[in-house]
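All remarks here apply to the structure that follows.
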Amino acid sequence: MSQSRGQWSSHMGFILAAAGSAVGLGNLWKFPYIAYENHGGAFVLVYIGAVALVGLPIMIAEIVLGRRSQLSPVGAFLKLTPDRPGHRLWAAPGMLGILAGFVILSYYCVIAGWTLRYILMSVSGQLATMVGDGSFNDFFGAFLADGPQQTLWYTIFMTLTVGVVFFGVKDGIEKVARTLVPLLFVILIALAVYSTTTEGFGRAMTFLFRPNFHELDRGAILEALGHSFFTLSLGMGAMLTYGSYMRRQDSIPKAALAISLLDTAIAILACIIMFSIIFTEDMEVTKSSTILFTTLPQVFFKLPGGSIISGFFYLLVAVAALTSTISLLEVVTSFAIDQLKLARRAAVLLTGGSIYVFGLLSAWSLGASDKLTNFNLIGRDSTVGMLGTLDYLASNWFLPVGGLLIAVFTGWVLSRKASHEEMSDGHGPLPWYNGWQALIRFVAPLVVGAIIVSVILGAEYQ
Ligand code: PFF
């Protein structure tokens, strides 16, 4: 290990940092709303299947590539490819990962910024007042269209992200993850325990866990698969980059399993919390994609201690989002460190600064600027506007294509000896190694290939 590369100080440090990357808006904002839209039960089951059969093997693959190469994505693929003509083409998945990190971070920080405003509004009592006098209904749309407000919260969130990555792996990322990830679990479990006392808890459990397969269409299956990439931070080298800081004496398969289990548990806990409240109040959810920001607050303030529950809840979402944005920036920054040979601090300021400027386009695309709001590259409803377009490109194209290439590379280009050695170092005997090989060589590429083909053919996947 070269001196300039950081390293996690413990196995738990790695698991917490990687789980922090995985757990984010994908779990707390996106999963509950797509699970709700797709009628729970069967969708949840397919999603869990996708995490187990595609997500987990690819996560192991990414960490293997990272620890083996000790490099960030672009360098990792180049270093691990046998020196044959055309081998430099394998820089492509790495470059795609950098691009994905750049794009996702730019709009993710916009949404994450809203959580900061919600914490403040909860604590100051403003949210309670607005919900009380009915003015909250108009608040959200006006807030989105308010350019200076969007810029402000986005800037604060981006600054927090840049600040943490600036201090490096051990002092920045690991320290934050060590404190914040356990805090996140505590708040979430407290809210889940609270939700068991609500009337809607039983209905929420039935909705989530009783599969109704006739309600499941092809689009829902594809959506569940695609979301498993986003939520586990796969397909763009985030886990690869974090894996490059992992110690050799730690077990890769165990870490990947722990991260996947934690991520899935959090997504399901979030659903239990939100659906219990929604069913208790018998709320009519008109627009599920805004449950987190428009429906939930109205419900919080019908409950005793609304401001406290609400403040805690948005703190939880902000924490989860921050540990994810850190990993997104780390991918782009470690590229600048490894490939452009920049010092960490210069690299962070350069990459964070350029992503910040690019992200302003998303921040102003929710009503502040007509041009950006009506930006329409893809031509589907959900993809209108700069933020919608970038999310569509990243989730539907960059991550699945990246995941496919990572699976193919690890299964077919990297030698069996190399992957076996990397997986057994820190773990011991691997009786199921051939099973993993089958998943990474055949199952994952075929399933992900099917997603990509269906997107090309225009199937509903978002
Ligand atoms: N996994 C994060 C979430 O669920 O919110 C989002 C994410 C982070 C995607 C890092 C990709 C990534 F590399």
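The values are calculated or read from the model by the stated rules, or taken from the named source; none is laboratory data. All of these numbers come straight from a predicted model, not from anything done at the bench. Cβ atoms come from the backbone with ideal geometry, glycine included; neighbour counts cover every protein chain shown. Accessible surface areas use protein heavy atoms only, side chains included; no ligands, DNA or RNA. Shrake-Rupley method; radii C 1.70, N 1.55, O 1.52, S 1.80 Å.
Descriptive notes on the structure:
- Here Gly75 meets each of (1) touching an Asp or Glu at 6+ places or on another chain (Cβ under 8 Å); (2) open to solvent by 40 Å² or more (accessible area, probe 1.4 Å) with one exception, condition (2).
- Of all residues making up the range 199-251, the number that are open to solvent by less than 10 Å² (accessible area, probe 1.4 Å), aromatic (Phe, Trp, Tyr) and within 10 Å of the ligand (Cβ to nearest atom): 2
- Among (1) within 21 Å of Tyr314 (Cα to Cα); (2) out of contact with any helix residue (DSSP H, G or I) (no Cβ under 6 Å at 6 or more places or on another chain); (3) within 16 Å of the ligand (Cβ to nearest atom) - the single one Leu180 does not satisfy: (2)
- Residue within the range 55-67 that is closer than 17 Å to Leu269 by Cβ, under 15 Å from the mean Cα position of the chain (by Cα) and not basic (Lys, Arg) present: no
- Taking the criterion of being in contact with a Phe, Trp or Tyr (Cβ under 9 Å, 6 or more places away or on another chain) and at pLDDT 75 or above, the residues of the range 281-297 that qualify are Ile291, Leu292, Phe293, Thr294, Leu296, Pro297.
- Every residue from the range 19-38 that is more than 9 Å from the ligand (Cβ to nearest atom), crowded, with 22+ Cβ neighbours inside 10 Å and modelled with pLDDT under 90: Ala19, Gly20, Asn38
- Restricting attention to the range 52-77, the residues being touching a Ser or Thr at 6+ places or on another chain (Cβ under 6 Å) and within 12 Å of the ligand (Cβ to nearest atom) number 1.
- Flag for Gly41 being at pLDDT below 95, out of contact with any Pro (no Cβ under 8 Å at 6 or more places or on another chain) and among the small types (Gly, Ala, Ser): no
- Against the list (1) open to solvent by 10 Å² or more (accessible area, probe 1.4 Å); (2) modelled with pLDDT of 90 or more; (3) away from the ligand (no atom under 16 Å from the Cβ); (4) among the hydrophobic types (A, V, I, L, M, F, W, C), the condition Phe312 fails is (2).
- Residue match in the range 429-448 (condition: in a helix (DSSP H, G or I), under 30 Å from Phe375 (Cα atoms) and within 16 Å of the ligand (Cβ to nearest atom)): yes
- The test for being over 21 Å from Gln339 (Cβ atoms), of a type outside the set (A, V, I, L, M), more than 16 Å from the ligand (Cβ to nearest atom) and in a helix (DSSP H, G or I) holds for Gly49.
- Residue check, Ser228 in contact (Cβ under 8 Å) with a residue 40 or more places away in the chain, over 30 Å from Gly306 (Cα atoms) and not in a helix (DSSP H, G or I): no
- Qualifying residue in the range 153-164 (condition: at pLDDT below 90 and either hydrophobic (A, V, I, L, M, F, W, C) or open to solvent by less than 40 Å² (accessible area, probe 1.4 Å) (or both)): yes
Yes or no, residue by residue, for (1) open to solvent by 10 Å² or more (accessible area, probe 1.4 Å); (2) aliphatic (A, V, I, L, M):
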{"position": "Ile273", "(1), (2)": "no, yes"}
{"position": "Ser276", "(1), (2)": "no, no"}
{"position": "Leu303", "(1), (2)": "yes, yes"}
{"position": "Glu330", "(1), (2)": "no, no"}
{"position": "Leu350", "(1), (2)": "yes, yes"}
{"position": "Phe358", "(1), (2)": "yes, no"}
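- Condition check for Phe143: without any contact (Cβ under 8 Å) to a residue 40 or more places away in the chain, assigned to a helix (DSSP H, G or I) and either under 29 Å from Ile273 (Cα atoms) or open to solvent by 10 Å² or more (accessible area, probe 1.4 Å) (or both): yes
- Filtered residue count, the range 406-427, keeping only those that are open to solvent by 10 Å² or more (accessible area, probe 1.4 Å), touching a Ser or Thr at 6+ places or on another chain (Cβ under 7 Å) and β-branched (Val, Ile, Thr): 1
- Within the range 28-50, residues that are closer than 9 Å to Ala224 by Cα have Cβ atoms under 7 Å from residues that are open to solvent by 10 Å² or more (accessible area, probe 1.4 Å) and among the charged types (D, E, K, R) in these pairs: Ile34/Glu223, counting only partners at least 6 apart in sequence or on another chain.
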